[in-house]
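See below for the structure under consideration.
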């Protein structure tokens, strides 16, 4: 598939395009997983508009904005790491992957403080404080915890996958002639970014 | 087919770094816009603006970061089909809930 491979004259049986298409098919299942939740969100928000607005006031827009910037930047460094390996710049690619992991860690630390503050204020699923609120507010916080929680789980899985690719890049298994695994990890990471692009305005910006 | 494929690989193997920085900058500007607009009360238009901006941001990530622009066109068809069925589910559900 790659030019390096053609130049070497080897005939390796490999289909990078097929591998990428396979990754995209997996991403569509992720789209349905999160898509279903976004649909639930839209129906409940439609039914409980005032309560959703009231509940969203509890969320810290600054935290959300900060995490958006972190995640967008981590997507940039992920894309750069692939561009670097394509140009045979191994060290730069490894560096960019490590920066991506670092940004993901920042994101999770922020999330930890954000959730801690909420839980400290007695707002968590099933808490007495939350159960005293209206149905719409209970639904909002239920969706908030499950959707940002599932997204956070994806960030953690993404970190594990990228870390595995970093080891592969260092060892030379991922190189300028064969980097489809890094591309697949990148696709996953960008999907996590896209999900956040929608979560952010729907939860943090409806006040 | 072979010629097409060759062109595709050539493009795919030599993207500059610049375009990624440009897209990143655009994403940050769009985030700024969406946060600013959220502070102003446009009523229902506020949600519409937020979702429009989110769609533009996603489009940029899909085409540039996720390489759909230089990928085989069949990838785009797949993505549109997946989105189509998601939108169908949403619309069908709202045909029920709009009457509540």
Once you have the Kirkwood Rh of the stretch A:49-204 from its Cα pairs, apply Stokes-Einstein at 20 °C and 1.002 mPa s and quote D in µm²/s. 128 µm²/s
Taking only C-alpha positions in the protein assembly as shown, Rg and Dmax in angstrom work out to 20.8, 71
May I ask you to derive the FRET efficiency for residue A:131 and residue A:53 from their Cβ-Cβ distance with R0 = 22 Å, giving the value to the nearest 0.05? 0.65
Asserting the computed 222 nm helical MRE of chain A (DSSP H runs at least 4 long, -39500 (n - 2.57) per run, divided by residue count, to nearest 500) equals -28500 deg cm²/dmol
With angles folded into 0 to 90 degrees, how steeply does helix A:180-204 sit against the dominant principal axis of chain A? Use alpha carbons for both and round to 10. 20 degrees
Restricting to Cα pairs below 8 Å that are 6+ residues apart, what does the relative contact order work out to for the stretch A:49-204? Please round to a whole percent. 35 percent
Which FRET efficiency, nearest 0.05, do residue A:60 and residue A:88 yield, Cβ-Cβ r, R0 35 Å? 0.20
Hey, fewest Cβ within 10 Å first, where do A:17, A:30, A:137 land in order? A:30, A:17, A:137
For helix A:16-47, what angle does its Cα long axis make with the longest principal axis of chain A, in degrees from 0 to 90 and rounded to 10? 10 degrees
Give the separation of the Cα centroids, the stretch A:135-207 to the stretch B:52-100, in Å. 18 Å
With an 8 Å Cα cut-off and a minimum separation of 6 or more residues, compute the relative contact order for the stretch A:1-135 in percent. 17 percent
Protection proxy ranking of A:139-149, A:169-179 - average other beta-carbon atoms within 10 Å, highest first: A:139-149, A:169-179
Quick one: angle between helix A:90-120 and the longest Cα principal axis of chain A, in degrees between 0 and 90, rounded to 10, please. 10 degrees
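Bear in mind that the values in this text are calculations on the coordinates, not laboratory data. Since the model is a prediction, treat every value here as computed from it, not as a measurement. Note: ideal-geometry Cβ built from the backbone for every residue, glycine included; neighbour counts use all protein chains shown.
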